[in-house]
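The values are calculated or read from the model by the stated rules, or taken from the named source; none is laboratory data. All values reported here derive from a predicted model rather than from experimental measurement. Cβ placement follows ideal geometry from the backbone for every residue including glycine, while neighbour counts extend to all protein chains displayed.
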Amino acid sequence: MKWFERLYFGTWQLGGQFKKLPPDYIESLLLFAISSGIRRFDTAAVYGGGKVEEMIGTWLPGDAVIVTKIPAIKKPDLKTRTPISEFYTPDHLDRSVEGSLDRLKRTQVDTVLLHNWLPSWTSDAIPIIQHLQKMKSGNTTRRVGISLPDDFSSVISDEALPYIDVVEAPFNPNQRWILNQLPSLIAMKKEILLRSLFCQGKILTLHPVELLIKDAMQLGTSVVIGMTTEEQISRNINHLKGVVT
């Protein structure tokens, strides 16, 4: 796979939680990313309260590959064993995806992920993931999956895995638990999106960017990298080109 098939532009930082960026600056940044060869973008309904999806929908071309995430009705606690039905229902999935598509100005996105996941969700989660799968037949999305939270430190249940196409998980020197299941996930041909490589920049004084990227890319996965300057975009692309054919 080429570098542009394995790099996703992360958009959490465009929502203002990390740093306030003017809309015209964000537009210029996204267009620079496109002109630099980036075609894959990772977002979520909750980023900027929906504003990030709106900006992506306005400024990205129709052939951009978009991954978005459905928030839970309420955020689950990793320490609980509360059933998935308290956090996701078929109606909630339908409304959330409809809202995302409206903001993204699209009739289909490449991938829809559940933005929250608990290790205790096993066979009880199958009806929810199956409902997502039905969206594929309706051409709402091409793939479905889950986004694993920080400190998940478990494995995805065997019961749920057959219904999942994509898994997103943090991966950095502080969080490497995905390695426990990574070989089997890759063997099952799941696409793995590794995010939080730099811990929002907190570990860059200890670990150079190129080493963090190389560490992730050698695993045969894709990476999600948030970028806020044109220099970061160019630098990260050059790092990727150095380790991906």
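One residue stands out among those in the range 170-197 that are within 14 Å of the chain's Cα centre (by Cα) and closer than 25 Å to K134 by Cβ: the one that is surrounded by the most Cβ atoms within 10 Å (Cβ to Cβ), which is L193.
Quick check on the range 70-85. Is at least one of its residues within 21 Å of T43 (Cβ to Cβ), of a type in the set (D, E), over 18 Å from the mean Cα position of the chain (by Cα) and loosely packed, with under 14 Cβ neighbours inside 10 Å? So far as the range 70-85 goes, no, none of its residues is within 21 Å of T43 (Cβ to Cβ), of a type in the set (D, E), over 18 Å from the mean Cα position of the chain (by Cα) and loosely packed, with under 14 Cβ neighbours inside 10 Å. Candidates in the range 203-228 are the residues that are in contact (Cβ under 8 Å) with a residue 60 or more places away in the chain and of a type in the set (V, I, T); of these, the one that is farthest from D165 (Cα to Cα) is T228.
Tallying residues that are within 20 Å of K214 (Cα to Cα), touching a helix residue (DSSP H, G or I) at 6+ places or on another chain (Cβ under 9 Å) and not in a helix (DSSP H, G or I) within the range 3-22 yields 3.
Within the range 111-142, if we keep just the residues that are charged (D, E, K, R) and in contact with a helix residue (DSSP H, G or I) (Cβ under 7 Å, 6 or more places away or on another chain), the residue that is farthest from I70 (Cα to Cα) turns out to be D124. Taken as a whole, the structure leaves Q200 outside the set of residues that are surrounded by fewer than 20 Cβ atoms within 10 Å (Cβ to Cβ), without any contact (Cβ under 8 Å) to a residue 40 or more places away in the chain and in contact with a strand residue (DSSP E or B) (Cβ under 9 Å, 6 or more places away or on another chain).
The residue pairs whose first member lies in the range 20-40 and is among the small types (G, A, S) and exposed (fewer than 13 other Cβ atoms within 10 Å of the Cβ), whose second member is part of a helix (DSSP H, G or I) and at pLDDT below 95, and whose beta carbons are closer than 8 Å, counting only pairs six or more residues apart or on different chains, do not exist in this structure. For the range 194-245, the set of residues classified as among the small types (G, A, S), at pLDDT 95 or above and in a helix (DSSP H, G or I) consists of S234 only.
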